[in-house]
Each structure stands twice: as C-alpha cells, then as structure tokens.
Amino acid sequence: MLDGLRDLIDNARNAVRAALGAALGPHFARLRETVAPYLNQARAYYARLEPREKRLVQIAGGLFAIFLAYNFIYLPIIDLRQDLSDRIVERQHQLADVRAMTQTYLRLKADLAQAHKHTVPGGKDFSLFSVVEKSLSDTVGREKVGSITPGVDRKVADGLVEYSVDLQLTNLSLPQLVDALYSLQTLSVPVRVSTIHIKRRFQDSHSYDVDMTCVALAKNA
C-alpha cells in the first residue's frame, strides 16, 4: 500500500514537472538565447584578465553577492521577524486588556449580586421615609428631627432602584449623634447613610446640627 502511494506521489510530481516544463520551457529558452551572448562576452573578458585582476573581480563578485544576500534575504527576514515580534507584543497587550476587562466584569457582577442581596422590599408597601423617621424618633426624639424630605427615586441598574431621604437633625449631643447613626446602621432593612455634614452650634459648643442623606436599594416591582 505504501509503495503504491509512493508511486502515486512520484507520478504526480513528474506530471507537475512536465506541465511546468511545457509551460515555462519556451520562456526559459528565449531567456537563455537572450542572455547567452552577454555571458559569452563576460567569460571571454574574464579569461583575458591577469590573475591579479581575476582575483579583484572575484572579490568584487563576492561583495556584490553579499550585498544582494544582505538586502534581499537578510533584511527581509529581519523585517519579518520584527513584524512578528510586534504582532506578538500587540496580541499580548490585547490579551492583557481582555483579562482586565474580564476581571472588571466579574467584580461588577459580584458587586451587583451583593447589592441584590442587600435590598429592601420594593413596591408601594415600603417607605424609606417612615422607616428613617421612626428610627430617629425612637432614638433621639421627634423634636430633634428638624426636617425629613423624601428624595427622587433613582434607577441605578437593571432591576434596582435607589430610594433616598434628606433629613436635618438639630441640637444633638455627641452621644445622641452616635446613637442616631448606630440606629440607622442596625435597622432590620439595609439603609445606608450616603452623605453627612455635621456642624457645631454657636449657642452651645457641645451640641451639633446634622444634615444627612439616607439611601436604600430596592428591587423593581
């Protein structure tokens, strides 16, 4: 079987050679006829040269061959190698970018999943206003709540909406301020203080006025 396959390959190779010879033979023949007189003249001229002149011609021919090899063989190989090296570096940079984007995507996905776990009940039955007002009234007293205003609901991601309330607490002692923040952080629903500004009262250096914003994430109903 191997002998038959080898014969088939040899026959195919011979057929290709024959086809190329038939197609290119006339062109090579015309090229030889055109170049032959010049080659004969060059051989005759070289034969008449002195040994020292022949040596100089040989040196010149060697230098010319080196010039041709350098420009048409060595330099193209170096350029190709440099091009391949540049492409490899570019692909490595692209791969690093893809890996970085993948890590960012996975981190954001994990953050989103964590955010979904820390959400309050959505819909009309939940009121962040009522939750915050009750917590602060029970902790520091209703008289300390200067104002409390519901904010605008804001969509933060697919399936998530952020509730917010802006509130002012007045004339708080430092322990009351700590108790108020602690009560908000330990609610049964995940409420977060997003911004807070504490200002000491001029009338009493041991009392404080507080402006803060409380937010909570909820799933869209």
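Do any of 134/199; 144/219; 155/199; 109/219; 134/219 go past 27 Å between their Cα atoms, and which? From the list (134/199; 144/219; 155/199; 109/219; 134/219), the Cα-Cα distance tops 27 Å for 144/219; 155/199. Working note: Karplus 6.51/-1.76/1.60 with θ = phi - 60° gives the range 64-73 the couplings 5, 5, 4, 4, 5, 5, 5, 7, 10, 10 Hz, where Gly and Pro are set to x. Residue by residue, the range 31-43 carries 3J(HN,Hα) couplings of 5, 4, 5, 6, 7, 3, x, 5, 5, 5, 5, 5, 5 Hz when phi is fed to the Karplus relation 6.51 cos²θ - 1.76 cosθ + 1.60 (θ = phi - 60°); x denotes Gly or Pro. Couplings 3J(HN,Hα) for the range 129-143, derived from phi with the Karplus relation 6.51 cos²θ - 1.76 cosθ + 1.60 (θ = phi - 60°), are 4, 5, 5, 5, 4, 5, 4, 6, 4, 6, 8, 10, x, 4, 5 Hz, where x marks Gly and Pro.
Taking 14 Å as the cut-off, the amide N atoms of the range 176-198 that come nearer than this to a point 7 Å along the Cα-to-beta-carbon line of residue 204 belong to 176-177.
Taking the Cβ of each residue in 75, 128 as the centre, tally the other Cβ atoms inside 10 Å and list the residues starting with the fewest. Before the final figure, lay out each step's value.
Details: 75 11, 128 21.
With the sparsest Cβ surroundings first, the list reads 75, 128.
In this structure the amide hydrogen of residue 146, modeled in the peptide plane, comes within under 5 Å of the amide hydrogens of 168, 169, 170, none closer than 5 places in sequence on its chain. Spin-label model, residue 95 to residue 38: label points 7 Å out along the Cα-to-beta-carbon direction sit 5.0 nm apart. Local charge for residue 61 was computed over the other residues whose Cβ lies under 11 Å away, with Lys and Arg +1 and Asp and Glu -1, and equals +2.
Using the Cα centre of the range 35-179 as origin and beta-carbon charges of +1 (Lys, Arg) and -1 (Asp, Glu), tell me which of 78, 105, 65 is placed farthest towards the positive end of the dipole. Most positive-ward Cα: 65.
Net charge in the neighbourhood of residue 147 (other residues with Cβ under 10 Å of its Cβ; Lys, Arg +1, Asp, Glu -1) is -2.
Throughout, read-outs are computed from the coordinates displayed, never taken from laboratory work. Remember, it's a predicted structure, so these values are computed and weren't measured experimentally. Reconstructed Cβ throughout: ideal geometry from the backbone, glycine too, with neighbour counts over all protein chains shown.
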